[in-house]
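Read-outs throughout are calculated quantities, based only on the coordinates presented, and are distinct from any laboratory measurement. Fair warning: this is a prediction, and the values are worked out from it, not measured in the lab. Neighbour counts run over all protein chains shown; Cβ positions are idealised from the backbone, glycine included.
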Amino acid sequence: MSAALVVAVSGLTGVGIYLVTARSLSRIVLGFSMLGHAAVLALLAAGGPAGEAPLADRAAPDQMANPLPQALALTAIVISFGLTLFLLALARRRHQLSGDDLVEDDLEDRRIATVDTKGRTR
């Protein structure tokens, strides 16, 4: 694996995690999209060097490319696309209901945050 792919995957992963932890749904959508791209690049990099097409009687088995990382990368693309569409639908619905895209704390989360380990309210 080349150093450029390592830098690209680590950069996309870092930026994606940073964006997912934001409170804005638009940033969360972009963060998951970047994480999806990082997963595809990591899978393609894990496939090893390029080789001949894995067809019968075309090349020796040691010269053939591994088709599994390519299939997994295609699956990751489809899953990432579905997740992005789902998050966009959630963000649009949130914008319709409240007029913004900020994720707010739930009332139950706030109540649990005020309870200590022995069940007493602070």
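The mean sequence distance of close C-alpha pairs (under 8 Å, at least 6 residues apart), as a share of the length of the chain, puts its relative contact order at 24 percent. Dividing the Cα radius of gyration of the chain by its Kirkwood radius returns 1.21 for Rg/Rh. Residues whose amide H comes within less than 5 Å of that of residue 24, counting only those at least five positions distant or on another chain, are 103 (H built at 1.01 Å from N in the peptide plane).
Applying 0.36 nm per residue to the separation of residue 46 and residue 22 and subtracting their alpha-carbon distance, the gain on full extension is 5.6 nm.
Can you give me the long-range amide H partners of residue 52? Hydrogens built in the peptide plane at 1.01 Å from N, cutoff under 5 Å, separation of 5 or more residues or another chain. Those lying under 5 Å, H to H, from residue 52 are 64, 65. On a 0 to 90 degree scale, rounded to 10, what angle separates helix 68-98 from the longest Cα axis of the chain? Roughly 20 degrees between the two axes.
Helix 3-20 versus the longest principal axis of the chain: what angle, 0 to 90°, nearest 10, using Cα atoms? The angle comes out at about 20 degrees.
Which residues in the range 12-36 have a backbone N closer than 16 Å to a point placed 7 Å from the Cα of residue 94 along the Cα-to-Cβ line? Residues 17-34 qualify, since their backbone N sits under 16 Å from the label point. Remark: the range 23-34, residue by residue, has Karplus-estimated 3J(HN,Hα) of 9, 9, 5, 5, 5, 5, 4, 5, x, 5, 5, 5 Hz, where x stands for each Gly or Pro and the curve is 6.51 cos²θ - 1.76 cosθ + 1.60 at θ = phi - 60°. Farthest towards the positive end of the charge dipole of the chain, among the residues 97, 18, 83, is the Cα of 97, using unit charges on the Cβ of Lys, Arg, Asp and Glu.
Applied to the range 44-59, the Karplus parametrisation 6.51 cos²θ - 1.76 cosθ + 1.60 on θ = phi - 60° returns per-residue 3J(HN,Hα) values of 5, 5, 6, x, x, x, 5, x, 6, 5, x, 10, 5, 6, 9, 8 Hz, with x for Gly and Pro.
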